[in-house]
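Nothing in this text is a laboratory measurement; each read-out follows from the coordinates by a stated rule. Keep in mind the model is a prediction, meaning the values are calculated, not measured. Counting neighbours? That spans all protein chains shown, and the Cβs are built from the backbone with ideal geometry, glycine included.
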Amino acid sequence: MTQDAGIWKAGRSGAKGRNTPKGRQYTDEALDQVQLLLGDSPRRRDLLIEFLHLIQDAHGHLSAAHLAALAHELRMSQAEVYEVASFYAHFDVVKEGEAPPPALTIRVCDSLSCEMAGAEQLRAALSDGLDPSQVRVLRAPCMGRCDTAPVLEIGHNHIDHATPEKVRQAIAGGDTHAHIPPYQTLADYRTEGGYDTLARLIAADDWDAVEATVLASGLRGLGGAGFPSGRKWGFVRSYPGPRLMAVNGDEGEPGTFKDRYYLERTPHLMFEGMLIAAHAVQADRVYIYMRDEYPAVLEILRREIAALEAAGLTPPGFIVLRRGAGAYICGEESAMIESIEGKRGIPRHRPPFVAEVGLFGRPTLVHNVETLHWVARVMREGPEVLSGVEKNGRKGLRSYSVSGRVANPGVHLLPAGSTIADVIAAAGGMAPGHVFKAYQPGGPSSGLLPASLNDVPLDFDTLQDHGTFIGSAAVVVLSDQDSAKAAALNMLRFFEDESCGQCTPCRVGCEKAVKLMQADWWDAGLLNDLCDAMADASICGLGQAAPNPIRLTLQHFGDEVSG
Ligand SMILES: Cc1cc2nc3c(=O)[nH]c(=O)nc-3n(C[C@H](O)[C@H](O)[C@H](O)COP(=O)(O)O)c2cc1C
Ligand code: SF4
Ligand code: FES
């Protein structure tokens, strides 16, 4: 073990010198390995998570010596590097004396649609049948493939409709890498007029008109908050530059898979919409934050960013791809920005909003992947592509991610005024042998509604009176064979796992709620008090919305939870 030359004084007396700094030391071997992996990348702090990925990918874990060497290389404190590494589920921090994880990891999704499809039994069967020194089996949250539940990931290979037999075959065949689906490449997209709209808008240079068209379409943020997209551009532009843009590809809300659906088919609609929006706010650079659970999408984005640069459609380095590391909270826009800056994904206090003080302190336009897909379509096809669709008094289209007990789960593009009856009909009706009982309208944050509420349009602003919201339109359909109580517990377990821990009402509230919800009968008084505290005093949407599954289950499925 060696260290740079220099004498560090020990203690106040300074009588005896040490030839190392206080704390854990790196080894020459670890430093060599880290330097090799980092190559000539700039030693910037915002690249910390990217560097942690390089080490994790190469060595299968992050050893104490590697973390110490990385801290040295980045001139950061070891505590800072450690706190970031240990925040994210996809990093395996291994302390001195601890055994590293086995070479292969299987993550079994345990979110609602997969649980309903038998994920727990699957995990038990795998844990029993595999050699733990070779393979470890972990539970993991939604992988955005709920339409093919139960799902698991071996290495980076996702297995749909997973069975122990499929797992054995994948292991035997060494099939542990992401499978890239066929998709529309840049060349294909351009043959059908792709990027002509962008060229036309750049030539016209009338970005007020573009903003007005987007506003006229009625397009609202499809990450869940539903903020009118054109209006957001106006806010960002009102602050002095330089400005930045960030694309939110975290898609962590269980039950949501629409962003993956579009990116694995027509990624350039998102890219073109992104470049239109970036021009509209005069962004100097665009960061795409893509969740680590989507390795195929990450590869598609890498390839197509390179293709865009090679075609001269974007200057090199204008689009920066950043890889998440397994933390749902990084979908919250200010937490995503912290993560892009190489930190823990801890939501910021607001104001200031990210439109004013966002990435690296700059005014930042943040958009969800699907929102940008629609920006491209609106500017190419006209605002009527959305505003011209009307149903039940609502305008626009909604990409419902539908899973659970329906015959044809998947993304169903329907009028925004669709009811759950319409959504189930579009998904081929109920699965054979299942009778409709309940539904989650928009991810666990939206809780559960009863089948009797089947005439409400599932759109922004239509569900408030029912104590919920549409969010990312992640619809999960439950049947007479499912328990509302078990579903609500699944949702709260997810929030307990994913709370960033910054504020007490959320961190402790989720944990206490899970304990109370495991009882045979729920203590409604105590749970309601807890819900009030969480909703009123949590900093961000996670803790504020986490009570929804509890309240709605008490309200609509009291017979399952009250003695
Ligand atoms: C807990 C939490 C998780 C979120 N997760 C996502 C996400 O995974 N993807 C996303 O686009 N927006 C997510 N959002 C919403 C973002 O904060 C933000 O509103 C959105 O990215 C803005 O883009 P849009 O206007 O195009 O929807 C989340 C919000 C909260 C409170
Ligand atoms: S509400 Fe929960 S997730 Fe949000 S900042 Fe507080 S602890 Fe973190
Ligand atoms: S992939 Fe399992 S619930 Fe989404």
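Brief remarks follow.
- Each peptide in 317-327, 189-199 receives the mean, over its residues, of other Cβ atoms within 10 Å, and ordering these scores from highest gives 317-327, 189-199.
- For region 447-563, the square roots of the Cα gyration tensor eigenvalues, ordered a ≥ b ≥ c, give a/c of at least 1.5 with a/b no greater than b/c, which places it in the oblate category.
- Estimated [θ] at 222 nm from DSSP helical runs (n ≥ 4, -39500 (n - 2.57)) normalised by residues in the chain, nearest 500: -12000 deg cm²/dmol
- The packing ranking, built from the mean of other Cβ atoms within 10 Å per residue, places the peptides 209-222, 36-49 in the order 209-222, 36-49, highest first.
- Over region 104-173: Kirkwood hydrodynamic radius from C-alpha pairwise inverse distances, Å: 11.6
- With each label modelled as a point 7 angstrom along the Cα→C-beta vector, the VAL320-ARG190 pair spans 2.7 nm.
- For the listed peptides 124-133, 83-92, 448-457, a ranking on the average number of other beta carbons within 10 Å per residue, highest first, reads 83-92, 448-457, 124-133.
- Label point distance in nm, ARG44-ALA99, each placed 7 Å from Cα along Cα→Cβ: 4.1
- Distance from the Cα centroid of region 372-431 to that of region 506-536 is 34 Å (rounded to whole angstrom).
- FRET efficiency estimate (nearest 0.05) - Cβ-Cβ, ASP205 to SER562, R0 60 angstrom: 0.45
- The separation of region 180-228 from region 31-77, counted between C-alpha centres, amounts to 37 Å.
- Net charge contributed by nearby residues that have their C-beta within less than 10 Å of ALA484 (K/R +1, D/E -1): -1
- The overall shape of the chain, judged from the alpha-carbon gyration tensor, is oblate: a/c is not under 1.5, and a/b is no greater than b/c.
- Three-way shape call for region 26-89 based on the alpha-carbon gyration tensor, with the a/c threshold at 1.5: rounded
- Residues whose placed amide H lies under 5 Å from that of LEU104, excluding near-sequence neighbours: ARG136
- At q = 0.10, 0.15 Å⁻¹, base-10 log of I(q)/I(0) for region 186-383 (Debye sum, equal scatterers on each alpha carbon): -0.36, -0.87
- Residue-span extension gain [ALA311 to GLU80] - 0.36 nm each, minus C-alpha spacing: 79.2 nm
- Net lengthening on full extension, HIS177/ALA425 (0.36 nm per residue, minus Cα-Cα): 85.7 nm
- Rounded to the nearest 20 debye, the dipole magnitude of region 483-562 is 100 debye, with +1 charges on Lys and Arg beta carbons, -1 on Asp and Glu beta carbons, and the Cα centre as origin.
- Chain lengthening between ASP532 and ALA225 when straightened (0.36 nm per residue, less Cα-Cα): 108.4 nm
- Distance in nm between pseudo-label sites at GLU390 and GLU511 (7 Å out along the Cβ direction from Cα): 5.3
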